[in-house]
1. Tally time: how many residues in the stretch 414-426 are surrounded by fewer than 24 Cβ atoms within 10 Å (Cβ to Cβ) and either under 8 Å from residue 320 (Cα atoms) or not assigned by TED's automatic domain parsing to the domain that holds residue 497 (or both)?
2. Out of 175, 184, I need the residue that is in contact with a strand residue (DSSP E or B) (Cβ under 6 Å, 6 or more places away or on another chain) and under 30 Å from residue 230 (Cβ atoms). Which one?
3. Run down 219, 206 and say which single residue is farther than 27 Å from residue 52 by Cα, surrounded by 17 or more Cβ atoms within 10 Å (Cβ to Cβ) and modelled with pLDDT under 80.
4. Filtering the stretch 467-510 down to residues that are assigned to a loop (DSSP other than H, G, I, E, B) and touching a helix residue (DSSP H, G or I) at 6+ places or on another chain (Cβ under 8 Å), which residue is modelled with the highest pLDDT?
5. Based on what the data block shows, is residue 159 in a helix (DSSP H, G or I) and within 18 Å of residue 295 (Cα to Cα)?
6. Name the single residue, out of those in the stretch 303-318 being touching a strand residue (DSSP E or B) at 6+ places or on another chain (Cβ under 7 Å) and crowded, with 16+ Cβ neighbours inside 10 Å, that is nearest to residue 415 (Cα to Cα).
7. Tell me whether the stretch 255-266 contains one or more residues that are under 19 Å from residue 441 (Cα atoms) and without any contact (Cβ under 8 Å) to a residue 12 or more places away in the chain.
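The values are calculated or read from the model by the stated rules, or taken from the named source; none is laboratory data. This structure is a prediction, so every number in the text was calculated from the model and none was measured. Counting neighbours? That spans all protein chains shown, and the Cβs are built from the backbone with ideal geometry, glycine included.
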């Protein structure tokens, strides 16, 4: 297999030297970045996906272990008993939550099976202790076979010991052959970047794949190739590059003493849905241990973590699927009646499709019931809908005010374009006083670090509808960023159940 560095270097063009060839160099860097983005594709798996699969593997293994023992020992004696199946599934799920709470699904833990096994076995013991306490207080312990209970504990322990050894072996192998990798970009070139890259290359079972270097400095201060890796462009181009291909991590190879430059870079980069780390291997400053992550012995200072990542993203996706299906079932009669009313009262299609910004600034198609006359629809949203807008049909006024026009977005959430709860997606060309929203609000695109939602924290707090002054989009963005920083499933649930109450009272939708 060709190493990542070799595959990148094959595409490096000979860059002209000197600052007098600035335009030509910029064009070649941009072309090179696109070439590398195309090479990277999506052929590898991110560590977050691997850890998610590990959780599913261990849940399934623990459940099947208990079920098989029930099948061979309990079933022949008392026949089919549903509560055994329910108890087995509940205990397996509880064990996964206990393992999660003890950081057993961190990548470093998965790599080191022997080091994490005591914690795993303690977690499995705690799970059985909780089961025993519940059975005691509910006075149902006599309903369960003690042989089944004890045998499952021993068999589950054996499964965890063997399973973790297998997982550790698989992860080390996947890291070596590139099947599993964290894609990283180095921000800042020169000697500091070279030292960082050399240190990373010396780590055994390194799962980090360096995709290139981005630096605002010219070639005299920051060479076009550092330690065999090409400089792909400046920081603005990095933002676009991270939207072309999956990037998991940005590593700033700058000294902590360069505080002003670090802050300038973070102001540009925090809008991306990636982990941002500051190389700490060359500084003598020390922070609390939990402020660091590491790649082998190379320490990195954690600056920003990707929001709603890893297991949280899996839980949120399950939440979206379950409640989207529930919403479709509950509101199907309303959607059917709306479709008939739209079609009967004005010519044109029932649905209106609009291009909006999705996760990481991707363009998605969002579905709505058509609320405007077909020949006056505005897919670009350059002209916002105002009170008494003649473009809106009589039926459209009602479904816009009650947000019934948004109901088809349950299907967007089911497909995965949207989440049920999140920052509302805005049309690509939406404006405030002839300025794009990104030109009005500093850090506007940070809203796109998570998947946009059918409803959101800003909407239930009254920030919806027409944006006729800059303050409205600023407030909407502020509420969206608060949601991202404080996300939890309970927060999503709160927003979801408050939505019909708050939106029916809204006076801002026309």
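1. Summing the residues that are surrounded by fewer than 24 Cβ atoms within 10 Å (Cβ to Cβ) and either under 8 Å from residue 320 (Cα atoms) or not assigned by TED's automatic domain parsing to the domain that holds residue 497 (or both) in the stretch 414-426 gives 1.
2. 184
3. Answer to the check: 219.
4. Ranking the qualifying residues of the stretch 467-510, first place goes to 487.
5. no
6. Restricting to residues being touching a strand residue (DSSP E or B) at 6+ places or on another chain (Cβ under 7 Å) and crowded, with 16+ Cβ neighbours inside 10 Å, the top hit is 316.
7. There is at least one residue in the stretch 255-266 that is under 19 Å from residue 441 (Cα atoms) and without any contact (Cβ under 8 Å) to a residue 12 or more places away in the chain.
Table: residues versus (1) touching a strand residue (DSSP E or B) at 6+ places or on another chain (Cβ under 6 Å); (2) modelled with pLDDT of 90 or more; (3) surrounded by fewer than 20 Cβ atoms within 10 Å (Cβ to Cβ).
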{"residue": "62", "(1), (2), (3)": "no, yes, no"}
{"residue": "65", "(1), (2), (3)": "no, yes, no"}
{"residue": "74", "(1), (2), (3)": "no, no, yes"}
{"residue": "79", "(1), (2), (3)": "no, no, yes"}
{"residue": "83", "(1), (2), (3)": "no, no, yes"}
{"residue": "89", "(1), (2), (3)": "no, yes, yes"}
{"residue": "95", "(1), (2), (3)": "no, yes, no"}
{"residue": "102", "(1), (2), (3)": "no, no, yes"}
{"residue": "121", "(1), (2), (3)": "no, yes, yes"}
